[in-house]
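Derivation of every value follows stated rules applied to the coordinates shown; laboratory data play no part. All values reported here derive from a predicted model rather than from experimental measurement. Neighbour counts run over all protein chains shown; Cβ positions are idealised from the backbone, glycine included.
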Amino acid sequence: MSLEELYVSESTIKNDLKNVKSILQKYNIRVLKCNKGLFAEGHEINKRFCISDYLIYRNAIDENLIAVFLSGMGKNFSNADFKKVKNMILQILNSEKMVVTDDVLIKIATHILISLYRVRSGKFMDIPEENLEKLKKEHEYKLSERIIESIEQEFQLKLPEDETAYATLHLLGNRLGKKNEGLPPDLIDFLGEDIFQLSLEITRKIGEKFQWLELEKDEILIYGLGLHLKELLTRLTYQMNIRNPYLKNIKIKYPLAFEAGVIAAKVVESKTGFQIGEHEIGFLALHIGAALERLPNHFKYGNKKVALVCASGMATSELLLTKLSQVMDSKYYLIGTYPLYQLDELMKQKPDIILTTVPIEEELSVPVIQVPAILDDRDIPEIKQSLESAEKKNREFSQFLREDLFFSSLQTKTKTETIEYLTKAMLEKGYITEKTKASIIEREQISATAIGNMVAIPHPIEAHANHSVVSVGILDQKIQWAPNEEVSLVFVIVLEEKLRPKFQAIFSTLYDIVYSSENVEKLCNQKTFDKFRATIESL
């Protein structure tokens, strides 16, 4: 077919071919020439992963598109065939009392249809004997044998043994569960010693950085991480790609869980040698985020400690405490009732907010809200409003800003150059150490810190700092920070040890400030430190 028949220019074809080569290179597939034209050279498994990624990891999985694509390759698949394959998989899983999510079912069915398409085209898998023997020992191999047998009967096609192994990979690499499955009585026996110890090491390392989190005793987390690590190691061993559709939301809405996921990834990397991408980190973060939600209120990130000062008798204090406990939002928890003369003892508990039935004349470092000794329903809205106002005051982000770390009209051209410029200034002025600077760079390499709306928030994995500070860079021209992410405003955030329990609250506060493009534009238009800080405080 000539260029005229395609209605495109030669330069368009060359540009398209350049893009094709770039995409295929990710799968170790090369585009070569022969006397018949161009062809793709690479391992069969990589070609299948390339096809499946194109079909599965789009904005939404489209079963019709999958069938149309495979039919377009001349193999006559229909949407009805897709449904048949899904039903056959479900029947076999149901007979084993196994459950699977809709998305995972579609993925497994897609991989099996790709197998059919490739075998019909004379393209076969070649799994090394050592790997084949390992896969045969897995329970999922038995399931795959039954699935492949059903497929062969339905489509009147004999599939080689390696295709059963290929199907096993996708059962192992995706979450299959037992119906009404609870915790097994012996986690070590169920997960295996290596996976159990890896899960435990992850919770230990997270606890070392975030010392207020108590995750090592959470058997649900150990179990969930263990199951996930089995899938993860299968994917890494066979270089199976996965996309996390929730990645951006996890980064923004659960920053503490995501940072814990980064620590988990580093543990896996150190123990296995595999490099963990940010999509996998996002899935690890989901398990950790669920564990954080299971923590008692007083351990939860971002929760506010509220103390009650009451001069009345015990009965009045108990009544007031009970009433407040019933009406206060779950993000607040009451740490106790104190008489006024124990104010010094109260402050040692480091409350975030104090409610009091008596005037407190002493100037305190936390917000103080006076409440009636006897509450009725009409008092509740006013108390809630006062709490919200106090919380906002107590979470001021501007306290971490420094005039000598404020840079407007920054003329850096790349992400690397920008981080280098800002962290060098922090280092030279004594705010951070070389270790912290290196940790900021390492954290950015693991997963880009762009959070949308042209904003990025580089920060370290490990902070070796005696100060909590934020360096601000307003870029003269927006720069590419990550694929499909441009940035104009950069906050480099470093928190000292004592503020680590406030990690979630501080990052959430910043996101509340920059969640709208209008707010970001206002901030980027400020050319002086005082105006920038005033704008932050007004948003």
Average Cα contact separation per residue, the chain, under 8 Å, 6 or more apart, as relative contact order %:
9 percent
To make sure I understand, if each residue's beta carbon is the centre and we count other beta carbons within 10 Å, what order do T357, T423 fall in, fewest to most?
T357, T423
Work out Dmax and Rg for the chain from the C-alpha atoms and quote the Rg first, both in angstrom.
28.5, 97
Which shape class, rounded, prolate or oblate, goes with the stretch 1-42 when its Cα gyration tensor gives a ≥ b ≥ c as root eigenvalues, a/c under 1.5 marks rounded, and past that a/b bigger than b/c marks prolate?
oblate
If I require 15 Å or longer along the helix axis, counting alpha carbons, and a Kyte-Doolittle average no lower than 1.0, what helices from the chain are left? Use full DSSP H segments.
503-514
Taking K97 as the anchor, which aspartates and glutamates have their alpha carbon closer than 15 Å to its alpha carbon, excluding any fewer than eight residues away along the same chain?
E140, E181
Candidate aspartates and glutamates for bridging to K437, where Cα separation is under 13 Å - those fewer than 8 sequence places away on the same chain excluded:
E420, E428, E462
Per the Kirkwood definition applied to all pairs of different Cα atoms, how many angstroms is the hydrodynamic radius of the stretch 181-291?
14.0 Å
Going by C-beta contacts inside 10 Å, put R243, R48 in order with the fewest on the left.
R243, R48
Taking neighbour Cβ counts within 10 Å as the exposure measure, how do F503, F39 sort from fewest upward?
F39, F503
Using a Cα-Cα cut-off of under 23 Å, which lysines could be cross-linked to K527, ignoring same-chain neighbours fewer than 8 residues away?
K413, K415, K424, K429, K478
Quick check on packing: order 9-16, 478-485 by the mean number of other C-beta atoms within 10 Å, highest mean leading.
478-485, 9-16
